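Scroll down for the structure; my scribbles are underneath it.
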Amino acid sequence: MTARPFHQGATEDRLRVLQGRARSRRFVAPWMVVVLIAVIGFLGLIFARTSLDNSAFELAELERSVAEQSALNQQLSLTIARLENPAHIAPLAEELGMVIPVSTNQILVDLSPSGPTVVSVEAREEAQ
Amino acid sequence: MATNRFAKRFDANRVRIAFIALFLLFAWAGMAYRLVQVQVVQAAALADQGLSQRLVARELPPQRGKVFDRNGELLALTVEAQSMYAVPGQVDEPLWVAQQIGGMLGVDSDVLYERLTSDRDFVYLDRQIDAVVAEEILGLEIKGIYAHPESTRIYPAGQVASHVTGFVDIDGNGQEGLEYVYDEQLRGTPGHALFERDLGGRPIPQGISDIVPAVPGADLNTTIDLPLQYQAQQACLDAIEKTDAEACWVVVLEVETGGVLAMTGAPVFDPESRQTLDPACEGSDDPNVCRAFSNFTVRGIYEPGSTQKLITFAAAIEEGEVGVGTVIPDVADVLEVLDGACDSGDSDVYGCYHDFKEHATEDMTVAEIFTRSSNVGSIMIAERVGQERLVSYIEAFGLGSKTGIDYSVEAPGILNFAAGCQTCWASAAIGYSVAATPLQMAAAYAAIGNDGIWMQPHIVSSIVDVDGETEVSGFETRFVVSPGTALLMRELLASVIEKGTGTAAQVDGYRVGGKTGTANKLGDDDRYTEQTRASFVGLAPIDDPKIVVAVLIDSPSREFRTGGASAAPVFAAVMEQALHRLGVSPDVP
């Protein structure tokens, strides 16, 4: 068995440690960003579309409600008009003892300086 | 060794795989072919087919306009209703169904059964019924019975304003009255909707949508006063009951504007059912018997009798032939215009004229002749005017031509002055040989109340559409007589009511003027009958006229055969209410 002597000095002369820049690795690849944006955009689009559809449904519901209320309003107007018909009121008034005036109820207003007085014609005729 | 190689080459598994691969290849090829066919070759056609199944095009019917009276009371409007229909082929037990829903619809079950067993694909059971009733029927869940929404015309005032509004047919087309005349404005413009729908028939949000909304019809504001219209109709109904008359008609005009305050009569009809309410018409198919739909005040003509004398006297005074105090000598109770006419003994021979009451021959002033309504005296005055001038005044007062009122099928009336007629002028002087509508007579009297200016009557005062309210204007006016003559005529009219034939027309608190008229009716054989048309036309307050009322009673009983007996009380009742409604101050303390 032979042994060669260890030439420490020569090794030290040929090999040395270099302090170079460490190789940096990107955390997120560009294609991932694109995909991410696309996914977010797609989800946003879906959300917007859904929101829009919901709004449209709400709008349709509101329109239906407006139509219903309009129809109700129309019915109420009709009911009022029917109730205001003189042919409806007259018999009710008659039942309550009211009468259509058959003679003029004249009121004379005396504007003399002594002060205004109101005298009905009937009262004046009776006085005469 | 060779056997092994053969076995290896034709391994069953490999064969299977090959078949499957081949199958899949064909399948994919088939699908690819179909894909290309659907997505490329037939793409457009299939897209159109799909769209056409989703797309719905509908006409949007416009809301028909409303009609209001002068106070904003509704006279006519359109509301949503339901129309029930059936698909007869789907109805399992038509007899049971007919009996079940007949009562609810108010339709005879036999009629319903007939419809339900017809061989048609679609039959209406009843149209434009109340939504609540429709819901009740649909709640029975009878197979083959359906409903769809449909508009219906409602007249809240019912029969009260029926002669003004007229009516529409089942499809909403104007048929009579204002509904007919203003049909174009009232009906509006239909819109349309094109949209995508889902399986449930609901519009797809964000789908194709093209909606052009309908333009609603215009609303009409009229000059009619509904309470007065009611009072006038009631007065007519009472008069018919009291006088046993066939009909009664009333027109109330506002003197200054020519606006119609009331226009009604009896018999009456229900504008919604379009059925007369006159019991005499029930079961009668003869249109001449049932004339309730016809508004006689505008469309019916009659010989006005003595109410026509207003024109005769106004013409004579305006032409300076007589004054109010002019004495007409030797006024008898009989006058023979055509030689021998009074000797024939035939009362229908024209040329022999009588006063209503016998009296001795006497000198009479023009005022007396008018107040006592002497036919003989009136003809003697007309003789001074002459036929040519008399006719020109009759025409100027609006007789013989349409007034131009905004109402359907107005009658122009008749002026019968045939060439060679020797007695027509005399007949016309006292209201024969002339046929006028009650409206024409009211307008003629309004001219006297309006200081001699004739105004075209009208019903609609303004039209309200999507662009706003438009006043109706441009009514015809014309001078007929001078204000002086009009004033004298008003005094003569007042004297008729104060001491003449029209005392029953007096209204408490107001000085009123008017003229009675009684004209015999022509029979089917063109000979005058004993039946009369009694009328009264008058103004109030006579010193500053605001209102004209014309009343016509058709064929009253003998006791009420004159205008003074039957029409004058109706005039008084209507005039009193009209004065109150317009807030006219009393002028008689």
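The values are calculated or read from the model by the stated rules, or taken from the named source; none is laboratory data. Everything quoted here is computed from the prediction, not taken from an experiment. Neighbour counts are summed over all protein chains in view; Cβ atoms, including those assigned to glycine, are modelled from backbone coordinates with ideal geometry.
Would you say B:SER344 is among the polar types (S, T, N, Q) and over 24 Å from B:ARG561 (Cα atoms)?
On the way: among the polar types (S, T, N, Q): yes; over 24 Å from B:ARG561 (Cα atoms): yes.
Spelling it out, B:SER344 is indeed among the polar types (S, T, N, Q) and over 24 Å from B:ARG561 (Cα atoms).
Residues to consider are B:ASP169, B:ASP219, B:ASP198; find the one that is exposed (fewer than 15 other Cβ atoms within 10 Å of the Cβ), acidic (Asp, Glu) and under 17 Å from the mean Cα position of the chain (by Cα).
Numbers: B:ASP219 fails: exposed (fewer than 15 other Cβ atoms within 10 Å of the Cβ); B:ASP198 fails: under 17 Å from the mean Cα position of the chain (by Cα).
So the residue among B:ASP169, B:ASP219, B:ASP198 that is exposed (fewer than 15 other Cβ atoms within 10 Å of the Cβ), acidic (Asp, Glu) and under 17 Å from the mean Cα position of the chain (by Cα) is B:ASP169.
Checking each residue in region B:551-563 for being part of a helix (DSSP H, G or I) and either under 19 Å from B:GLN234 (Cα atoms) or at pLDDT 95 or above (or both) picks out B:PHE560, B:GLY563. Contact annotation: residue pairs with Cβ atoms under 6 Å, 6 or more positions apart or on different chains, pairing a residue in region B:485-498 that is hydroxyl-bearing (Ser, Thr, Tyr) with a partner that is surrounded by fewer than 22 Cβ atoms within 10 Å (Cβ to Cβ), are B:THR485/B:GLU318. Taking (1) at pLDDT 95 or above; (2) within 14 Å of chain A (Cβ to nearest Cβ); (3) not in a helix (DSSP H, G or I) in turn, B:PHE536 satisfies each apart from (2).
For region B:86-97, indicate whether the set of residues that are over 30 Å from B:GLY259 (Cβ atoms) and without any contact (Cβ under 8 Å) to a residue 12 or more places away in the chain is non-empty.
So the first thing to find is which residues in region B:86-97 are over 30 Å from B:GLY259 (Cβ atoms), and the list is B:86-97.
Next, only the ones that are without any contact (Cβ under 8 Å) to a residue 12 or more places away in the chain stay: B:93, B:96.
Checked against the condition, which is being over 30 Å from B:GLY259 (Cβ atoms) and without any contact (Cβ under 8 Å) to a residue 12 or more places away in the chain, region B:86-97 yields at least one hit.
Scanning region B:229-246 for residues that are more than 14 Å from every other protein chain (Cβ to nearest Cβ), touching a residue at least 24 places away in the same chain (Cβ under 8 Å) and in a helix (DSSP H, G or I) returns B:ALA239, B:ILE240, B:LYS242, B:THR243.
Can you tell me which residue among A:ALA38, A:ALA87, A:ALA67 is surrounded by 10 or more Cβ atoms within 10 Å (Cβ to Cβ), within 18 Å of the chain's Cα centre (by Cα) and of a type in the set (A, V, I, L, M, F, W, C)?
Working: A:ALA38 fails: within 18 Å of the chain's Cα centre (by Cα); A:ALA87 fails: within 18 Å of the chain's Cα centre (by Cα).
Of the residues listed, the single one that is surrounded by 10 or more Cβ atoms within 10 Å (Cβ to Cβ), within 18 Å of the chain's Cα centre (by Cα) and of a type in the set (A, V, I, L, M, F, W, C) is A:ALA67.
Candidates are the residues of region B:385-401 that are touching a Leu at 6+ places or on another chain (Cβ under 8 Å) and under 11 Å from B:PHE417 (Cβ atoms); the one that is surrounded by the most Cβ atoms within 10 Å (Cβ to Cβ) is B:ILE394.
Against the numbered list (1) in a helix (DSSP H, G or I); (2) touching a Pro at 6+ places or on another chain (Cβ under 9 Å); (3) closer than 21 Å to B:TRP249 by Cβ, B:HIS580 comes up short only at (3).
Taking residues in region B:54-73 that are within 14 Å of another protein chain (Cβ to nearest Cβ) and surrounded by 21 or more Cβ atoms within 10 Å (Cβ to Cβ), and partners anywhere that are basic (Lys, Arg) and in a strand (DSSP E or B), the pairs with Cβ atoms closer than 8 Å and at least 6 places apart or on different chains are B:ARG64/B:ARG153.
Give the number of residues within region B:543-562 that are touching a Leu at 6+ places or on another chain (Cβ under 9 Å) and crowded, with 24+ Cβ neighbours inside 10 Å. First the steps, then the outcome.
Keep residues of region B:543-562 that are touching a Leu at 6+ places or on another chain (Cβ under 9 Å), which gives B:545-550.
Those left that are additionally crowded, with 24+ Cβ neighbours inside 10 Å: B:545, B:547-550.
Adding up the residues that qualify gives 5.
Checked against the criterion of being in contact with a Gly (Cβ under 8 Å, 6 or more places away or on another chain) and assigned to a strand (DSSP E or B), region B:398-411 has no qualifying residue. Summed over region B:32-56, residues that are in contact with a helix residue (DSSP H, G or I) (Cβ under 8 Å, 6 or more places away or on another chain) and either of a type in the set (Gly, Ala, Ser) or farther than 30 Å from B:ILE211 by Cα (or both) total 1.
Count of region B:313-337 residues, restricted to those that are in contact with a Lys or Arg (Cβ under 7 Å, 6 or more places away or on another chain) and exposed (fewer than 13 other Cβ atoms within 10 Å of the Cβ), is 0. Restricting B:LEU125, B:LEU178, B:LEU116 to residues that are buried (at least 18 other Cβ atoms within 10 Å of the Cβ), under 14 Å from B:TYR85 (Cα atoms) and within 33 Å of the chain's Cα centre (by Cα) narrows the list to B:LEU125.
To keep it simple, each residue is scored yes or no on (1) at pLDDT below 90; (2) hydroxyl-bearing (Ser, Thr, Tyr); (3) under 21 Å from B:THR516 (Cα atoms).
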| site | (1), (2), (3) |
| --- | --- |
| B:MET380 | no, no, yes |
| B:ALA429 | no, no, yes |
| B:GLN440 | no, no, yes |
| B:TYR445 | no, yes, yes |
| B:SER482 | no, yes, no |
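Can you tell me which residues in region A:46-62 are surrounded by 11 or more Cβ atoms within 10 Å (Cβ to Cβ) and of a type outside the set (A, V, I, L, M, F, W, C)? Those that are surrounded by 11 or more Cβ atoms within 10 Å (Cβ to Cβ) and of a type outside the set (A, V, I, L, M, F, W, C): A:ARG49, A:ASP53, A:ASN54, A:SER55, A:GLU58. Can you confirm whether region B:507-522 contains a residue that is more than 14 Å from chain A (Cβ to nearest Cβ) and outside any strand (DSSP E or B)? Within region B:507-522, none of the residues are more than 14 Å from chain A (Cβ to nearest Cβ) and outside any strand (DSSP E or B).
Screening region B:461-487 for residues that are buried (at least 21 other Cβ atoms within 10 Å of the Cβ) and outside any loop (DSSP other than H, G, I, E, B) and picking the one that is farthest from the chain's Cα centre (by Cα) gives B:THR485.
Let's see how each residue does on (1) outside any helix (DSSP H, G or I); (2) within 30 Å of B:LEU77 (Cα to Cα); (3) at the interface with chain B (Cβ under 9 Å from one of its Cβ atoms); (4) modelled with pLDDT under 90:
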residue: A:SER55; (1), (2), (3), (4): no, no, yes, yes
residue: A:LEU59; (1), (2), (3), (4): no, yes, yes, yes
residue: A:SER65; (1), (2), (3), (4): no, yes, no, no
residue: A:ILE100; (1), (2), (3), (4): yes, yes, yes, yes
residue: A:VAL109; (1), (2), (3), (4): yes, no, no, yes
residue: A:SER112; (1), (2), (3), (4): yes, no, no, yes
residue: A:VAL119; (1), (2), (3), (4): yes, no, no, yes
residue: A:GLU122; (1), (2), (3), (4): no, no, no, yes
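If you check B:ILE224 against the conditions, is it surrounded by fewer than 17 Cβ atoms within 10 Å (Cβ to Cβ), within 14 Å of chain A (Cβ to nearest Cβ) and either at pLDDT 95 or above or over 30 Å from the mean Cα position of the chain (by Cα) (or both)? Here the answer is no, as B:ILE224 does not meet what is asked. Applying the condition of being at negative phi and modelled with pLDDT under 85 to region B:510-528 and asking which residue is surrounded by the fewest Cβ atoms within 10 Å (Cβ to Cβ) yields B:ASP524.
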